[in-house]
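Asker: Here's a structure for you.
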There are 2 protein chains.
Amino acid sequence: MRLLGEWLESNSRKSGSRLVLAADVGGPFESRVGRATALVRALAGRVVAVKVNWHLLLPYGVLGLAELAAACREEGLPLIADMKLNDIGSTDVEAARTLFSNGFDAVIANPFVGYEGAMADLIAESRRREKGVILLVYMSHAGAGEGYGLTVGGAPLYAAFARRTREWGADGAVVSARSPSVIREVRALLGEGQVILSPGVGAQGGDAREALLAGADYLIVGRSIVEADDPVRAADALIRSSFAFTPP
Amino acid sequence: MRLLGEWLESNSRKSGSRLVLAADVGGPFESRVGRATALVRALAGRVVAVKVNWHLLLPYGVLGLAELAAACREEGLPLIADMKLNDIGSTDVEAARTLFSNGFDAVIANPFVGYEGAMADLIAESRRREKGVILLVYMSHAGAGEGYGLTVGGAPLYAAFARRTREWGADGAVVSARSPSVIREVRALLGEGQVILSPGVGAQGGDAREALLAGADYLIVGRSIVEADDPVRAADALIRSSFAFTPP
């Protein structure tokens, strides 16, 4: 078992939730970090981790997200940078160092970029720091067939990405909740302790329960919570409509 | 002809240079923006554009790079965000808005993510704002064969990416300077006015002159200039060793 997977599992046992908050807060730049931090405080105990994307990372950078990172640390929630990193090794490592030295616990990367000279360096750096790397294995927007769905050597590329996730020893995979059959395939290809995080529930049309039944470990939920009038109620409804997680 | 291509060409005619500065400044966070800004001031007239990657974007975010963006604007240099964007459309557009409202003129994206629901949205947003989108067509690190070099439908994936660049109407393509033969292939597939930017000269081993002869329009140079004792001399040497550009 890997550090990140254990942390998520432990949080899930405590909270009975399998939700990862995608803190994609829009609106005026002045208030985004404060609003995201308030969301983390309000939802602690209802989510197992917090993921940030360009809504927060791009305007402020990680140095501008110290308040949010502190809230995650205090609430015991891993903070995941959804950068979909896909650069050469030296640049990926530069990004990882900036993240991991400033309160981030894991990064999402794109295995498309290959191992030698790219992901190998990122994964080694993450291991050294005891931080997480999650690989983007399948997305399901309309154009995804031009990438993840390409047939390479008789098999879909996402299957190769799932194999890379196992062989490279990443902490887990991101697979769209809108494609339960792909979740099932990826689940069968991953190793023990490697988690599947599934975005696409809610605004994007995926079904929470189906994704979990197919083998997803966690649901990444953004707009359905962030843009709800009452984010706590929205999270509770999502927890109820997915699994009632029973600690053994 | 597209806005970004015309801008680069105009700068190149004025300066006799085909260099794009990759302002990958490392070291203590406190001094990176100041050092990058000083580099831009010192190299204005010797480079045609400035590209920033995670060294600057990730710690500070675009709001923290206002000084650098102002220097680029004052020196007439387009500022390019090398994010290798590869997300769904709504997230890509969110990133583009943040960039384009804060002094950035173009973004680099990964065509792997496909058109519908992804790049279509980014390119439309960029057109609306009269900003640039450059697609990452070929990288040449050791593991690149697991992505760009995959054979799909009997042809290498980078050829499909070059065709996407033309069909989608992007401003240009990034192709590694270390692969002149790929530059030649991509050149033949791109449309009129679409530029090729080639990184990989210097520290990564690519030959400037060969890349330009193969069809690259501009060389993206980072470490060879940024880490030189005298960046201005290093840039001048690179300009001399590549093309003596002669305005017609």
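Asker: Select from A:LEU85, A:ALA49, B:PHE112 the residue farthest towards the positive end of the dipole of the protein assembly as shown; place +1 on Cβ of Lys and Arg, -1 on Cβ of Asp and Glu, and compute about the Cα centre.
Answerer: B:PHE112
Asker: Taking a label point 7 Å from Cα toward Cβ, how far is A:ARG184 from its twins in the other copies, in nm, shortest first?
Answerer: Distances to the matching label points in the other copies: 4.9 nm.
Asker: If you wrap a convex hull around the Cα atoms of segment A:155-220, how much volume per residue is inside, in Å³?
Answerer: 72 Å³
Asker: Here is a further query. Loop-only GluC sites (Glu not before Pro) in segment B:55-152, please: DSSP not H, G, I, E or B, and at most 13 other Cβ atoms within 10 Å.
Answerer: Here the GluC sites (Glu not before Pro) that fit, given the DSSP loop and packing criteria, are B:GLU130.
Asker: What GluC sites (Glu not before Pro) does segment A:152-206 have in DSSP loop regions with at most 10 other beta carbons within 10 Å?
Answerer: In loop regions of segment A:152-206 (DSSP not H, G, I, E or B), the sparsely surrounded GluC sites (Glu not before Pro) are A:GLU192.
Asker: Over the protein assembly as shown, one equal point on each Cα, no solvent: what is log10 I(q)/I(0) by the Debye formula at q = 0.08, 0.11, 0.13 Å⁻¹?
Answerer: For the protein assembly as shown at q = 0.08, 0.11, 0.13 Å⁻¹, log10 I(q)/I(0) is -0.45, -0.87, -1.21.
Asker: Taking B:ARG129 in one copy and the same position in all the others, each labelled 7 Å out along Cα→Cβ, what are the pairwise distances from the first, in nm, shortest first?
Answerer: Spacings between copies for this position, smallest first, are 2.8 nm.
Asker: For segment A:126-245, what is the Kirkwood estimate of the hydrodynamic radius, computed as the reciprocal of the mean inverse distance between distinct Cα atoms, to one decimal in Å?
Answerer: The Cα-based Kirkwood calculation yields 14.9 Å.
Asker: So what's segment B:1-88 giving for Rg/Rh, alpha carbon basis, Kirkwood Rh from the mean inverse pair distance?
Answerer: 0.98
Asker: Where a Cα-Cα gap under 26 Å defines reach, which lysines qualify for A:LYS51, not counting those fewer than 8 residues away within the same chain?
Answerer: A:LYS14, A:LYS84, A:LYS131, B:LYS84
Asker: Just to be sure I follow: if Rg is taken over the C-alpha atoms of chain B and Rh is the Kirkwood radius over the same atoms, what is Rg/Rh?
Answerer: Ratio of gyration radius to Kirkwood radius: 0.94.
Asker: So, one more: Taking each label point as 7 Å beyond Cα in the direction of the beta carbon, state the distances from A:GLY154 to the same residue in the other copies, shortest first, in nm.
Answerer: For A:GLY154, the other copies' label points sit at 1.9 nm, shortest first.
Asker: Along Cα→Cβ, 7 Å out, is where each label goes; now give me the distance between the ones at B:LEU63 and A:ALA142 in nm to one decimal.
Answerer: 3.4 nm
Asker: For an R0 of 45 angstrom, estimate the FRET efficiency from the Cβ-Cβ distance between A:ARG184 and A:ARG41 and round to the nearest 0.05.
Answerer: 0.80
Asker: Using alpha-carbon positions, what is the distance between the centroids of segment A:213-236 and segment A:167-198, in Å?
Answerer: Value for the Cα centre distance between the two parts: 19 Å.
Asker: A further question follows. At 7 Å along the Cα-to-beta-carbon direction for both A:ALA203 and B:ARG166, put a label point, then send me their distance in nm to one decimal.
Answerer: About 3.7 nm separates the two model spin labels.
Asker: What residue in chain B has the Cβ closest to the axis turning B into A, and how close is it in whole Å?
Answerer: That would be B:GLY61, 2, residue then distance in Å.
Asker: So how far apart, in nm, are the two label points at B:ARG223 and A:ASP229 if each is 7 Å from Cα heading toward Cβ?
Answerer: In this crude spin-label approximation the distance works out to 5.7 nm.
Asker: Another one. Mean residue ellipticity at 222 nm from the helices of the protein assembly as shown, using -39,500 (n - 2.57) per DSSP H segment of n ≥ 4 over the full residue count, to the nearest 500 deg cm²/dmol?
Answerer: The helix-only estimate for the protein assembly as shown comes to -13000 deg cm²/dmol at 222 nm.
Asker: Calculate the dipole size of the protein assembly as shown relative to its Cα centre from +1 charges on Lys and Arg beta carbons and -1 charges on Asp and Glu beta carbons; express the result in debye to the nearest 20.
Answerer: My answer is approximately 160 debye.
Asker: For segment B:59-118 and segment A:1-73, what is the separation of their C-alpha centers, rounded to whole Å?
Answerer: Using only Cα atoms to place each centre, the spacing works out to 23 Å.
Bear in mind that the values in this text are calculations on the coordinates, not laboratory data. Computed from a prediction, not measured in an experiment: that's the story for all the values here. Reconstructed Cβ throughout: ideal geometry from the backbone, glycine too, with neighbour counts over all protein chains shown.
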